[in-house]
Amino acid sequence: MRTRWLSLSVALVCFGALPAIAQTCKSAIPDSDLVAPGKIQMSINPTLPPQQFIDEKGELQGLNVELMKEIAKRLCIPLEFIRMDFPPMVPALTAGRFDGIDTGMFWTEERSKIAYTVPYAQQTISITVAKGKPKLASMEAIGGKKAGVEVNSYQERWLRGADKEATAKGAKPIEILTFTTQTDVIAALRAGQVEAAILIDQTAKEIERRGVVEVTATGLGGAPTTMMYRNRAVAEKVAATLTAMKADGTYDKLFDKFGITKAPESVFTIRGPGPK
């Protein structure tokens, strides 16, 4: 049943291949380390501006898109993005459907044991409300109300933990509703299905800039964001490339362009043991 579910999940994605790199150099990654010969395939959930999103022309844009393009260019290997929702990504990665996940996911110890994780940025969480609605600026304020959050995400885990702590101190429990993507969470907020939305900070701030929501609390539940890879050698080469990009200023330039919080490290490495 699990195999069938995975097959269906991956079959339903929309494939977005990037133009092949002119082969004036030799690929730094042998075919034996890749799912498909001659290219690196990365899953991405393009619903999180400015990290990754689809523009008016239907093209992928954002920090994670440009960052991975630069990494692939330096490794001299064609890159293919596989667009899909977040929930099936990790099972699909471990099933060998693609090489890595490039969607700005939060790093956790649990995830570092599933695949090879390479933290590359920092991220926190925001509480948002619909434009013009009462401001809910704390966990206590959300108590007794409906809050929307992306399913199977770090944000959901953080929200449930924070709710448990707040109720232990006497606050009313939050009615937590989960949705497939943050886009769905924002739609539910605007439709009045939920009274608060729990989003990653930079997406919340971008949507606020567009006049859709109001950020009422920010900087909550901070953690690194990470890429994930099924193959250790691929992860090591990506980490080394990020280190080189940091040294020559390319990393800082990209992060400044999109207003994303940089990782404190100047040398990037695999964090955690990886799968056994």
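The values are calculated or read from the model by the stated rules, or taken from the named source; none is laboratory data. Since the structure is predicted, the reported quantities are computational estimates derived from the model, not experimental observations. Every residue, glycine as well, gets a Cβ built from its backbone with ideal geometry; the counts of neighbours run over all protein chains shown.
Scanning the stretch 87-136 for residues that are of a type in the set (Val, Ile, Thr) and crowded, with 16+ Cβ neighbours inside 10 Å yields 90, 101, 103, 108, 114, 117, 118, 124, 125, 127, 128, 129. Taking the stretch 127-161, which residues are small (Gly, Ala, Ser), over 22 Å from residue 210 (Cα atoms) and either part of a helix (DSSP H, G or I) or at pLDDT below 95 (or both)? The answer is 138, 141, 153, 161. Of all residues in the stretch 192-217, those that are among the polar types (S, T, N, Q) and modelled with pLDDT under 95 total 2. In the condition set (1) without any contact (Cβ under 8 Å) to a residue 24 or more places away in the chain; (2) under 16 Å from the mean Cα position of the chain (by Cα), residue 160 is compliant with all but (2).
From the list 79, 6, pick out the single residue that is in contact with a Lys or Arg (Cβ under 8 Å, 6 or more places away or on another chain), at pLDDT below 95, over 19 Å from residue 154 (Cβ atoms) and crowded, with 17+ Cβ neighbours inside 10 Å.
From the options 79, 6, the qualifying one is 6.
When the stretch 137-150 is filtered for residues that are within 24 Å of residue 47 (Cα to Cα) and surrounded by 18 or more Cβ atoms within 10 Å (Cβ to Cβ), the ones remaining, listed by number, are 147, 148, 149, 150. On the given criteria, is residue 101 within 15 Å of residue 235 (Cβ to Cβ) and touching a residue at least 12 places away in the same chain (Cβ under 8 Å)? Judged against the criteria, residue 101 is a match. Of all the criteria given as (1) within 25 Å of residue 218 (Cβ to Cβ); (2) in the same structural domain as residue 246 (by TED's automatic domain parsing); (3) in contact with a Pro (Cβ under 8 Å, 6 or more places away or on another chain); (4) in contact (Cβ under 8 Å) with a residue 40 or more places away in the chain, the one not satisfied by residue 151 is (2).
For the stretch 80-126, the tally of residues that are farther than 21 Å from residue 273 by Cα, part of a loop (DSSP other than H, G, I, E, B) and basic (Lys, Arg) stands at 1.
Every residue, every condition in (1) touching a residue at least 40 places away in the same chain (Cβ under 8 Å); (2) touching an Asp or Glu at 6+ places or on another chain (Cβ under 6 Å); (3) under 20 Å from residue 141 (Cα atoms), yes or no:
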| residue | (1), (2), (3) |
| --- | --- |
| 177 | no, no, yes |
| 188 | yes, no, yes |
| 210 | no, no, no |
| 237 | yes, no, no |
| 246 | no, no, no |
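Of the residues making up the stretch 31-60, those that are buried (at least 18 other Cβ atoms within 10 Å of the Cβ) and polar (S, T, N, Q) are 41, 43, 45, 47, 51, 52.
For the stretch 126-140, name all the residues that are farther than 13 Å from residue 192 by Cβ and either free of Cβ contacts under 8 Å to residues at least 12 places away in the same chain or not aliphatic (A, V, I, L, M) (or both). Before you say what the answer is, go through the steps one by one.
Step one: of the stretch 126-140, the residues farther than 13 Å from residue 192 by Cβ are 126-128, 135-140.
Those that are farther than 13 Å from residue 192 by Cβ and either free of Cβ contacts under 8 Å to residues at least 12 places away in the same chain or not aliphatic (A, V, I, L, M) (or both): 126, 128, 135, 138, 140.
Of the strands (runs of 3 or more DSSP E) lying entirely inside the stretch 162-276, the ones with 3 or more residues being surrounded by 19 or more Cβ atoms within 10 Å (Cβ to Cβ) and assigned by TED's automatic domain parsing to the domain that holds residue 152 are found at 196-200, 213-229. Does residue 258 meet the test of being modelled with pLDDT under 95 and of a type in the set (Phe, Trp, Tyr)? It is true that residue 258 is modelled with pLDDT under 95 and of a type in the set (Phe, Trp, Tyr). For the stretch 28-76, the set of residues classified as in a helix (DSSP H, G or I), touching a residue at least 40 places away in the same chain (Cβ under 8 Å) and farther than 24 Å from residue 246 by Cβ is empty.
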